[in-house]
Amino acid sequence: MREGQMLHRDTVDTTVLPPGERFGMWLDLVARTSAPLRIQSAHSADFAARAAFIDLGPIQLIDYEYPSLDATRTRRLIRRSDPEMHILALTTEGVGTSSQDGRHSEIRTGEFTFYDASRPHDVCHHATESERDRASSTIMLIPHAALPLSPQRMATLYGGRMSGSEGIGALLAQFLLQITGRPEQYHAADANRLGAVGLDLATTMLGRHLVAEDAVPTEVRRRALVTQVQAYVHRHLGSPALTPQVVADAHHISLRSLHRLFEGEESTVASYIRDLRLARCRRDLADPTLRTQPVQAIAARWGFSDKAHFSRVFRAAHGLSPQAYREAHSDPARIVNRQASTDNVPLANWQSRQPT
């Protein structure tokens with residue numbers, strides 16, 4: 001990242017130890033968490049596992065990769081430590097089961113399950129044959145107090161499954177995978193805001209599954225829809241046909257409603273599209289590896305089909321022509337290594353972590 005410190009990710013990796021000591025390391029880690037679990041695994045002789053933690057202010061994300069395992073949270077463990085926390089888990093590889101309050105569900109790849117760490121539950125996660133001995137998941141830890149819906153209100157969802165491939169669920173899954181997979185693309189200063197976005201999406205998805213959208217505060221629904229619109233703009237930014245009307249039609253709302261939706265944002269829909277396109281053009285113009293590409297080719301890639309219009313808009317925003325900007329900023333020394341860094345840390349640092 002060229003400006004500021006990137007979003008921090010901490011990792012624990014059992015493969016730093018010999019095979020015979022790896023499962024013990026994982027059990028020690030789980031025993032030190034604020035919501036310990038009782039874990040069993042057929043791979044205890046060589047438990048090659050990894051956990052990556054990202055703190056986003058109001059929520060925490062954890063990305064797991066491990067051999068098959070079975071986990072139980074008992075009443076005795078709850079009496080010992082109760083973090084008052086919900087857990088929303090997305091299965092990314094393998095198949096699992098989730099059981100809580102008498103509800104039992106099979107969770108397949110691309111599906112969410114939801115449960116309360118303050119109540120007994122069972123979670124199993126097994127690799128499928130095609131994936132051999134590996135299973136993985138990405139989870140969101142949500143304090144009870146962070147949700148505008150009470151644990152009693154949420155109880156009908158515990159142990160159930162929700163789609164991560166359509167609607168708000170798909171948007172939330174994309175958000176989780178993007179943040180955990182590419183943390184180096186985000187600034188540490190944005191952690192709280194990213195956490196608020198993730199929390200809004202999770203709250204909206206849970207509210208929809210309760211078939212009680214009115215239980216979700218209006219402002220939360222508004223911000224979730226703004227995030228959905230912005231994600232759509234990012235995906236279609238290169239299309240010259242992308243206009244506020246096209247965006248409104250894609251979300252089944254009127255153009256007037258779309259403009260009202262953005263009244264609480266820092267820009268209008270049109271300026272959001274324009275500024276995002278200009279940002280992508282600036283990035284590519286300053287990239288020395290793209291120096292041989294014509295300016296107009298870069299402009300067209302990001303939706304500016306008219307050369308003269310692009311030059312006028314770019315000059316108005318930056319006080320330079322696109323070519324002059326390229327000459328001023330395209331420096332081979334600016335190439336940076338964007339690969340995310342990971343750190344193996346002592347187990348004592350993980351007392352507030354919640355693996356599954």
For the stretch 1-59, enumerate the residues that are among the small types (G, A, S), free of Cβ contacts under 8 Å to residues at least 40 places away in the same chain and open to solvent by less than 30 Å² (accessible area, probe 1.4 Å). S41, A48, A49
In this structure, is E21 at pLDDT 90 or above, in a helix (DSSP H, G or I), out of contact with any Phe, Trp or Tyr (no Cβ under 6 Å at 6 or more places or on another chain) and among the charged types (D, E, K, R)? yes
Inside the stretch 232-320, counting only helices (runs of 4 or more DSSP H) that do not spill past its ends, which hold 3 or more residues that are over 26 Å from the mean Cα position of the chain (by Cα) and more than 24 Å from R221 (Cβ to Cβ)? 295-301, 307-318
Pick out, from the stretch 61-178, the strands (runs of 3 or more DSSP E) lying fully within it that include 3 or more residues that are farther than 24 Å from T15 by Cβ and touching a helix residue (DSSP H, G or I) at 6+ places or on another chain (Cβ under 7 Å). 85-93, 111-116
Apart from one, (1) in contact with a Lys or Arg (Cβ under 7 Å, 6 or more places away or on another chain); (2) open to solvent by less than 10 Å² (accessible area, probe 1.4 Å); (3) modelled with pLDDT under 90; (4) of a type outside the set (F, W, Y) all hold for A127; the odd one out is (2)
Could you tell me whether any residue of the stretch 237-249 is within 25 Å of T203 (Cβ to Cβ) and either aromatic (F, W, Y) or open to solvent by 40 Å² or more (accessible area, probe 1.4 Å) (or both)? no
With the first residue restricted to the stretch 96-115 and required to be charged (D, E, K, R), and the second required to be in a strand (DSSP E or B), Cβ contacts under 6 Å at 6 or more apart or on different chains are E106/T97; R108/V95; E111/T91; E111/R161
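For the condition under 19 Å from I59 (Cα atoms) and buried (at least 22 other Cβ atoms within 10 Å of the Cβ), what is the one hit in L177, L172, L157?
On the way: L177 fails: buried (at least 22 other Cβ atoms within 10 Å of the Cβ); L157 fails: under 19 Å from I59 (Cα atoms).
The unique qualifying residue is L172.
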Please work out which one of (1) within 25 Å of G198 (Cα to Cα); (2) assigned to a loop (DSSP other than H, G, I, E, B); (3) not small (G, A, S) is the condition D55 fails and give its number. (2)
Of all residues in the stretch 4-42, count the ones that are under 24 Å from the mean Cα position of the chain (by Cα) and among the charged types (D, E, K, R). 3
Give me a count of the residues in the stretch 24-47 that are among the charged types (D, E, K, R) and modelled with pLDDT of 90 or more. 2
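The values are calculated or read from the model by the stated rules, or taken from the named source; none is laboratory data. What you are looking at is a predicted structure, and each value in this text was computed from that prediction instead of being measured. Virtual Cβ from ideal backbone geometry, glycine too; neighbours counted across all protein chains shown. When the accessible area is computed, the model is the full protein with side chains, heavy atoms only, and any ligands, DNA or RNA have been set aside. Shrake-Rupley method; radii C 1.70, N 1.55, O 1.52, S 1.80 Å.
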